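Structure first, commentary second.
The values are calculated or read from the model by the stated rules, or taken from the named source; none is laboratory data. No experiment lies behind these values; they were computed from the predicted model shown. Neighbour counts run over all protein chains shown; Cβ positions are idealised from the backbone, glycine included. Keep in mind that these areas ignore ligands, DNA and RNA; they rest on the heavy atoms of the full protein, side chains included. Shrake-Rupley method; radii C 1.70, N 1.55, O 1.52, S 1.80 Å.
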Amino acid sequence: MCQTMVVLGMLCATLGVSRDTPGRVVQGEIRCRVLLIDFEGREHQHPRESFETIFFGKNVRVTPGPISEPMIGSVRDYFGELSDGRLRVTGEVMPWVRSRLKIEELPHWKKTRDGRNDWWHRVVADAMSLNHIPKDDRINGKPVDFYAIIYAGNDHGYFKCLKQTTFMGAGMRYLSSRDFHKAKVPYWDDRWNGKRITFNPERQKKESSGLYGVGFLFHELGHMMCGFRDLYVPQNGLFGRYAVMAFGEKTHFPTGPIALHRYQAGWLSYDVPDQQGRQRLRLPPLQAKRAVKLVNGPMPWADALIVEHRMRIEPEAKTLPAEGLLVYQAYGHRRVRTVDWDAKKKRAVVTDQNLHLVRADGTFKNEAGDVFRQGELPLFGKASAASTATDCGFWELEHIALPKISDRMSPSARLKQVATFQAVYRPLRITPPGSSGPISLGHRIPPGAHRLYVQTVGGAKVVQDNKTLLEVPGSDDRRPVWGLVDLDVPVKRRPPLMIVPDRGASIKEIQVVPRRPKTLDLLAEPLGGKLAHDLDGRLANDALVAGSIRAGSAIEIPLGKDHPAQVTVPITCPGGVLRLALQACSPRRGPAPDVSLVVYEGKQKQTYLKRLPLDPRRPEFLRIDLDRFRNKPLRLALSFDGPSDSRVVLWEAGFVAR
């Protein structure tokens, strides 16, 4: 990632904005061979020439076939426009072939999708065989990069076991001889081992033109050519019709990739405002290849708020539910996992959270209400800007205003319209004095829950009422080192709070970040002492997390004994979410340390975490929904296990409001 400091007069009135330009760019020529296959009784509806237009046509604005409908463009047009011409899709469409398989005898005709072995392997092997695909396949002397297999189906669908208007696709699959031999797939040849394919229907649903919405094909090719993730799943934000990688792909005018995907492909740059004060920003539509990234704090694992301006540039592009600012959280180098209870299956569901869409109306029910059209995005409101990983609040958006667009405005004129808003950095940034003496914070921090970040060269301590809350040792090479600790500042009596540098040391930066208050802190006394004692650990104010960062009010838990480190804590559940922050440390390769959590309500036992592996390369944040136990007496059984010489740092354990 390359960052260059520039002055953006258009975006910022007073303070600096840095430009975050991706180091990776998806570009060059990508060669695709398209294979068309139909079945006896399920003949194709459209000729080969239609797919030559859909894949490789130039300036395609209507669907091929007897009925013309407006269309965003061919595969070549679509990805060429997204990449400013840097990605060039070329290739060849093969003639239709008739499958030697009877569709009624294929496994997926009689049962639900079986993932690895049943649903597409046999059709792909048959198509590759009928087209005599060689091991070294070339187009105009250049190697083929991937194959797009298009299968035919009539209007009642291809998979009898699914809804009648549903068709299935596969974005990117590597052909593996091992899988095909294991499934005893007919017509397979080992010369295709390692080749890449995408698998799409001739039609996705009943369009009047008889063609599937081309957005479905573009969705699957987004996987193949760009590595985009699906955005219709909970861990990736549930973006609905706002993204082609979610449900914005079901028409001839898909909504396009979100800003994060465009950035990952190297087709968009972020404007990154400085972490200070109030900044007035002007943001053009996403199609102008610009978005704003608001970085949540100073930590190397910090997540960010991504703000993009969504607008219907093409009048026919009705797929976009509404125009406005789309805001979502993108998690950085931390790992965030949510844990929910499935009442029907009577088991916990653990989900890796990569993105979180901040919905303006705070509800999933109204897709058009997801974008911000006016007003503000507060820290801790129904629609909250606070990080869902840490419940820390960094940025607020205020005075959101959209441009006035008329129906007569041309696409080029629409591209010039800007949305305006103010980004306000809410953490208190304290400028350290030039001297190396103690810094008093007692009357500078407002009442409430906060997280204190301190950067020092040479070492420092955070002391409250003569008690050391955080100790940050200096590094041998005199590099700046960060430390963090949580604070609860009372309304009335504020105890003295000091940052005391070590001899010859200096304080470089101080940030005080507002947080949602904990309704029950398991690391506070007396529960913190019980946890440390029963886990054979120690209460630490200098626990090492994520490389060189130090955390206060933490428990260091040594592992590798003949039994797991475990503790059972009796509580009255306050409801809401149990939030755990963990750092696994393992000095050698081998099994990763793991964590388990069992909730006892009387004689009933419910396992929420069962030997969940922890990644030693990055901090872990777990959000466990226990709101169903509100005001009930519980016993929380928490245990850790791992190889010898490994350990786990538990640097946060507490309940917050849901």
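Evaluated against (1) touching a helix residue (DSSP H, G or I) at 6+ places or on another chain (Cβ under 9 Å); (2) open to solvent by less than 30 Å² (accessible area, probe 1.4 Å), ALA343 falls short on exactly one condition, (2).
If I ask for residues that are in contact with an Asp or Glu (Cβ under 7 Å, 6 or more places away or on another chain) and assigned to a strand (DSSP E or B), which ones from region 600-639 would you list?
If we filter region 600-639 for residues that are in contact with an Asp or Glu (Cβ under 7 Å, 6 or more places away or on another chain), which is where we start, we get 611-614, 625, 629, 632, 634.
Hits for region 600-639 are ARG611, LEU612, PRO613, ASP625, LEU634.
Of ILE510, ILE571, ILE499, all but one fail to be at pLDDT 95 or above, within 30 Å of VAL424 (Cα to Cα), open to solvent by less than 60 Å² (accessible area, probe 1.4 Å) and more than 31 Å from the chain's Cα centre (by Cα); the exception is ILE499. In the set (1) more than 28 Å from GLU471 (Cβ to Cβ); (2) outside any strand (DSSP E or B), the condition left unmet by LEU597 is number (2). The number of residues in region 575-594 being outside any strand (DSSP E or B) and either free of Cβ contacts under 8 Å to residues at least 60 places away in the same chain or open to solvent by 30 Å² or more (accessible area, probe 1.4 Å) (or both) comes to 8.
Please tell me if ALA368 is surrounded by 22 or more Cβ atoms within 10 Å (Cβ to Cβ) and modelled with pLDDT under 95. Even if it seems obvious, please write down each step before you answer.
On the way: surrounded by 22 or more Cβ atoms within 10 Å (Cβ to Cβ): no; modelled with pLDDT under 95: yes.
So ALA368 fails the test.
Taking (1) in contact with an Asp or Glu (Cβ under 9 Å, 6 or more places away or on another chain); (2) in a strand (DSSP E or B) in turn, LEU305 satisfies each apart from (1). Pairing each residue of region 19-41 that is buried (at least 20 other Cβ atoms within 10 Å of the Cβ) with any residue that is modelled with pLDDT under 90 and not polar (S, T, N, Q), provided the two are 6+ apart or on different chains, yields C-beta distances under 6 Å for ILE37/TYR151; ASP38/HIS44; ASP38/ALA152; PHE39/ILE103. Does any residue of region 518-534 turn out to be at pLDDT 95 or above, closer than 27 Å to ASP477 by Cα and open to solvent by 20 Å² or more (accessible area, probe 1.4 Å)? No, that holds for no residue. When PRO633 is tested against (1) of a type outside the set (Asp, Glu); (2) modelled with pLDDT of 95 or more; (3) closer than 27 Å to SER475 by Cα; (4) open to solvent by 60 Å² or more (accessible area, probe 1.4 Å), only condition (3) is not met.
Residues are listed down the side, and each one gets a yes or a no for (1) assigned to a strand (DSSP E or B); (2) farther than 27 Å from ALA657 by Cβ; (3) within 33 Å of the chain's Cα centre (by Cα); (4) of a type in the set (D, E, K, R):
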| position | (1), (2), (3), (4) |
| --- | --- |
| ARG444 | no, no, no, yes |
| THR456 | yes, yes, yes, no |
| ALA460 | yes, yes, no, no |
| ARG478 | no, yes, no, yes |
| VAL485 | yes, no, yes, no |
